[in-house]
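Below you'll find the structure, written out as structure tokens, and then a few comments.
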Amino acid sequence: MAFKMLEILCCPIDGQPLREQTGSLRCESGHSFDIARRGYVNLLAASDKRSKDPGDNREMVAARSAFLDAGHYLPVAQKLNELVSGLAAPESVIVDAGCGEGYYLQQLSLGWGDSGPAMVGYDISKWAVQAAARRFDATWLVASNRNIPLADNSVDVLLSIFGFPSYESFSIALKDGGSVVLVTAGPRHLYELREVIYPQVKVSESGERRLAENAGFSFQQSIGVQYQTEPLSQLEISQLLHMTPHLFRATSEGRDKAQTLDQFSVTVDVVFDVVCWRN
Ligand SMILES: C[S@@+](CC[C@H](N)C(=O)[O-])C[C@H]1O[C@@H](n2cnc3c(N)ncnc32)[C@H](O)[C@@H]1O
Ligand SMILES: [Zn+2]
């Protein structure tokens, strides 16, 4: 079976198109990338790595998978599906930039059924992409936002869900009129947990929409989803901490306090900003 969406994949070293050749993808200059047994390809150039094992580590990926699979962020996925169904058509190409372990792209794919858009997910963490490739059959890549190995003007909708967007690379990969859905934490996101782990809680908005506009994107719409989770167990609170930057930012006293929480409900406050790219 041919590697899905091969026609838009590019060599991360020189940008040339890739061809499939006995278990690997190759460009004309001979750069070669093995197709892993699980069906993903590592297209992360050595020059795009800032550390030996970039992105989320194995433990963070496992924590996020368990937490998301328990359905605590299902309303977020549902809102995303609703939004994307208004931006994409069955012939579109949807790319999840910093896809993590693939939960949101899988929810999108389930929402569209068999005749939906082509789905590509990439993440700089090989652990995340390995987990994503186990979820469902899509085009999964280890790659960086800083050097997206996709053809110029090839993407209709780009998702950046709690991600680290690189607007210049996004604008190159997007078709004229293509959109980026920026999913960020709203001011009250996980408020109750932040009250426990920080001496003082900042209630601020993400600056991503402004950064996108500064990079030449035009703002289209913004919607939000807010709700209270079911009471979370001690293990789920720990998973939640492991999947957010709060684990690293919290004081050690705050982390200790968080470990004692049980049957603890938190606010989910997520903002979806849609910005559009015109060449
Ligand atoms: C907070 S997680 C969000 C994952 C997923 N979108 C979700 O919401 O479940 C951020 C993700 O960005 C990835 N990441 C960090 N830097 C990246 C980069 N330069 N390019 C692509 N992915 C990156 C991390 O490995 C991690 O999986
Ligand atoms: Zn090459």
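The values are calculated or read from the model by the stated rules, or taken from the named source; none is laboratory data. This is a predicted model, so every value here is computed, not measured. Using ideal geometry, Cβ is built from the backbone for each residue, glycine included, and neighbour counts are taken over all protein chains shown. In case anyone asks, the SASA skips ligands and DNA or RNA and just uses the protein heavy atoms, side chains included. Shrake-Rupley method; radii C 1.70, N 1.55, O 1.52, S 1.80 Å.
I want to confirm something. Restricting to region 27-41 and keeping residues that are surrounded by 17 or more Cβ atoms within 10 Å (Cβ to Cβ) and assigned to a strand (DSSP E or B), which single residue is nearest to ligand 2 (Cβ to nearest atom)? Of everything passing the filter in region 27-41, 33 is nearest to ligand 2 (Cβ to nearest atom).
Per the listing 211, 235, 193, the residue uniquely within 29 Å of residue 181 (Cβ to Cβ), surrounded by fewer than 18 Cβ atoms within 10 Å (Cβ to Cβ) and of a type in the set (A, V, I, L, M) is 211. Could you grab me the full set of residues in region 111-132 that are open to solvent by 10 Å² or more (accessible area, probe 1.4 Å) and small (Gly, Ala, Ser)? 111, 113, 115, 116, 118, 131, listed by residue number. Answer yes or no: is there a residue in region 110-128 that is without any contact (Cβ under 8 Å) to a residue 60 or more places away in the chain, hydroxyl-bearing (Ser, Thr, Tyr) and in contact with a Pro (Cβ under 7 Å, 6 or more places away or on another chain). Looking for residues that are without any contact (Cβ under 8 Å) to a residue 60 or more places away in the chain, hydroxyl-bearing (Ser, Thr, Tyr) and in contact with a Pro (Cβ under 7 Å, 6 or more places away or on another chain), one finds at least one in region 110-128, hence yes. When each of 209, 255 is tested for being among the basic types (Lys, Arg) and closer than 23 Å to residue 64 by Cβ, the lone residue that passes is 255.
A search for C-beta distances below 7 Å between a residue of region 61-88 that is buried (at least 21 other Cβ atoms within 10 Å of the Cβ) and any residue that is among the acidic types (Asp, Glu) and part of a helix (DSSP H, G or I), counting only pairs 6+ apart in sequence or on different chains, returns 67/236.
Would a scan of region 157-172 turn up a residue that is over 14 Å from the mean Cα position of the chain (by Cα), open to solvent by less than 50 Å² (accessible area, probe 1.4 Å) and among the aliphatic types (A, V, I, L, M)?
Taking region 157-172 first, the residues over 14 Å from the mean Cα position of the chain (by Cα) are 167-169, 171-172.
Among the residues that remain, those that are also open to solvent by less than 50 Å² (accessible area, probe 1.4 Å) are: 167, 169, 171.
Add one more test, that the residue is among the aliphatic types (A, V, I, L, M), and what stays is none.
Checked region 157-172: no residue is over 14 Å from the mean Cα position of the chain (by Cα), open to solvent by less than 50 Å² (accessible area, probe 1.4 Å) and among the aliphatic types (A, V, I, L, M).
Restricting 45, 89, 36, 63 to those that are within 15 Å of ligand 1 (Cβ to nearest atom) and modelled with pLDDT of 95 or more reduces the list to 63.
Scoring residue 10 on the criteria (1) within 16 Å of ligand 1 (Cβ to nearest atom); (2) loosely packed, with under 13 Cβ neighbours inside 10 Å leaves a single failure, condition (2).
In region 42-57, the qualifying residues are those that are within 23 Å of residue 101 (Cα to Cα) and of a type in the set (Gly, Ala, Ser), and the one that is nearest to ligand 2 (Cβ to nearest atom) is 45. Scanning region 238-279 for residues that are surrounded by fewer than 16 Cβ atoms within 10 Å (Cβ to Cβ) and in a loop (DSSP other than H, G, I, E, B) returns 245, 251, 260, 262, 263, 265, 278, 279.
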